[in-house]
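One structure is given below, encoded as structure tokens.
Derivation of every value follows stated rules applied to the coordinates shown; laboratory data play no part. What you see is a predicted model, and the numbers here were worked out from it, not measured in a lab. Every residue, glycine among them, receives a Cβ derived from its backbone with ideal geometry; neighbour counts consider all protein chains shown.
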Amino acid sequence: MIQPTRRDDVLLADIAAHGGPGDNTRLHIWWLGQSGFLVKHDGHVFLFDPYLSDSLTEKYAGTANPHIRMTARCVDPALLPRPRVITASHIHTDHLDPGTLRPLAESHPGVRLALPAAILEEARARLAGAPIQFHPLHHGIHMRGRGWQLIPVPAAHEDLKTDAQGRHHYLGYILRAGPFTLYHSGDTLWHDGLLPALCTLGAYRCHVMLLPINGRKPERGVAGNLNGTEAAALARACSAHIVIPCHYEMFTFNTEPPDEFAAACGRLGQAHALPTCGGRVSMTAEPA
Ligand SMILES: [Zn+2]
């Protein structure tokens, strides 16, 4: 089992010590495992797709597809600071986890969950009774708070699935917080509309991209996400200041060493950081 770089009280103390009110020229990012990130800026906490339970290990125990954890949980979600918003990029449990969201909401009643409008009813049923405010989003509908904005971007988790009203089941999110722009892609392939959408919605030259790397290996039949080479190339195409990979080292059946990603970044001259679970990446805004 991989042990997080920081966990429990040590991780919580690191989160508390960085990005408080007034710390507005730096952005702090902690990897929580899988596609989960805690982002902090100027006292605002944002949680992207946290998976901090054993929901899937328990669900698939004794089946032909066991979800064996590779990395120990870094923190009890009930102890995290109150987020301005939590995102769920899509309905899959490693991105919208009742075992994480229920205890989080019980600690922070009324906490806001941004999610694709197309999955609202399914999410409501999964989280029935939890004190969560649902904020259904779709392309063109943004969410705003004081000093921040969350902008959905259509994603293709194998395909650009939509509901009868044309609303996407899979989303990524652009977060604008103070001078920073961050893109969390959710689970996605590099579909034809992705780069135009990112450029139109303001993610060109973004500060940080958080991208999956466990995708499409024809020989293994694993698909649905960017692979390491594609993730590096997408970041380069967007002129991202830095790219951080995710969606690996959570389950033994669905992981990928970050080597291909790191090598591709090297070839392309794309700055990147390799996260460790519970590790922090801090960046400073460049002067205008
Ligand atoms: Zn996933």
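Seen from Gly36, the other residues with C-beta closer than 15 Å to its C-beta sum to a net charge of -1, counting Lys and Arg as +1 and Asp and Glu as -1.
Which of rounded, prolate or oblate describes region 82-164 when judged by the alpha-carbon gyration tensor and an a/c cut-off of 1.5? In terms of gyration-tensor shape, oblate. Take the alpha carbon gyration tensor of region 1-156, find the square roots of its eigenvalues, order them as a ≥ b ≥ c, and report rounded if a/c is under 1.5; if not, report prolate when a/b exceeds b/c, else oblate. In terms of gyration-tensor shape, oblate. Estimate the FRET efficiency between Arg146 and Phe253 by the formula 1/(1 + (r/R0)^6), using the beta-carbon distance for r and 41 Å for R0, to the nearest 0.05. Calculated transfer efficiency: 0.45.
Among Thr188, Thr200, Thr87, whose mean-square fluctuation peaks in a Gaussian network model of the chain (Cα, cutoff 10 Å)? Taking springs between Cα atoms under 10 Å, the residue moving most is Thr200.
Every helix of 4 or more DSSP H residues in the chain counts as -39500 (n - 2.57), and over all residues that averages to -5500 deg cm²/dmol at 222 nm. The residues neighbouring Ala156, those whose beta-carbon lies less than 14 Å from its own, together hold a net charge of -3 under the Lys/Arg +1, Asp/Glu -1 convention.
Val45 sits among other residues whose Cβ lies under 15 Å from its own Cβ, and their net charge, with Lys and Arg +1 and Asp and Glu -1, is +3. Of Ser53, Ser107, the sequence from fewest to most neighbouring Cβ atoms within 10 angstrom is Ser107, Ser53. Each peptide in 35-43, 145-153 was scored by the mean count of other Cβ atoms within 10 Å over its residues; highest first, the order is 35-43, 145-153. Given a Förster radius of 25 Å and the C-beta distance between Ala64 and Leu274 as r, what FRET efficiency does 1/(1 + (r/R0)^6) yield to the nearest 0.05? Given R0 = 25 Å and the Cβ-Cβ separation, E is 0.20. Once backbone amide H atoms are built at 1.01 Å from N, His135 has Leu113, Ala114, Leu115 as its partners under 5 Å, excluding neighbours fewer than 5 places away on the same chain. Size of region 115-211: Rg and Dmax of its alpha carbons, in Å, are 13.7, 41. Taking the fewest neighbouring Cβ atoms within 10 Å as the starting point, the ordered list for Glu122, Glu256 is Glu122, Glu256. On full extension, the segment bounded by Asp163 and Ser55 gains 36.2 nm, given 0.36 nm per residue less the C-alpha separation. If the Kirkwood radius is taken over C-alpha pairs of region 8-284, then at 25 °C and 0.890 mPa s the Stokes-Einstein diffusion coefficient equals 132 µm²/s.
Based on the Cβ-Cβ distance of Gln3 and Thr93, what FRET efficiency does E = 1/(1 + (r/R0)^6) give at R0 = 25 Å, to the nearest 0.05? The pair Gln3/Thr93 has a calculated efficiency of 0.60.
Ordering Leu115, Leu189, Leu79 from the fewest to the most neighbouring beta carbons within 10 Å gives Leu79, Leu189, Leu115. Between the C-alpha center of region 19-54 and that of region 175-252 there is a gap of 17 Å.
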